[in-house]
Amino acid sequence: MRGLSVSLVLFCFRFAFGQASEYNSIYKEGKVFAHKPNAFLVEVTRDRRPGKALDVGMGQGRNSLYLARHGWDVTGFDASDQGVRLARAEAAHFGLEIAALVSTFEQFNWRESMEPYRFDV
């Protein structure tokens, strides 16, 4: 799946997520969207050797946690501090390590993040 255009994926993510305040209120109410990872992610990583992954708009971390469980080195970010807090708590609960950052799409330091890393998914 190396043929996926990173710029296209990032473009799609940019418009797929609402405002942090909207999600913070949902997360504070205890609402959980899903614990299962995205089916497409499961499919494209099924036969891949674990590597480095970037989860843009990670929310509560369902995809980050799935990848970490399967040996991936995961960095994820989301504008919702409540979502990132929940992702970190779930990771700690299961003894998983993920780098979960609070950042908007616009604030995320893409250049710094991409230079030392080569993300595989």
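All of the numbers you see were taken from the coordinates with simple rules; none came from a lab. As the structure is a prediction and not an experimental result, all values here were calculated from the model. When we count neighbours, we look across all protein chains shown, and the Cβ atoms used for this are built from the backbone with ideal geometry, even at glycine.
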Give the peptides 71-82, 28-39, 94-105, 55-66 in descending order of average Cβ contacts within 10 Å, highest first.
55-66, 71-82, 94-105, 28-39
Efficiency of FRET between E22 and K52 - r from beta-carbon atoms, R0 22 angstrom, step 0.05:
0.15
So H35 and N109, fully extended at 0.36 nm per residue minus their Cα-Cα distance, gain in nm 23.9 nm
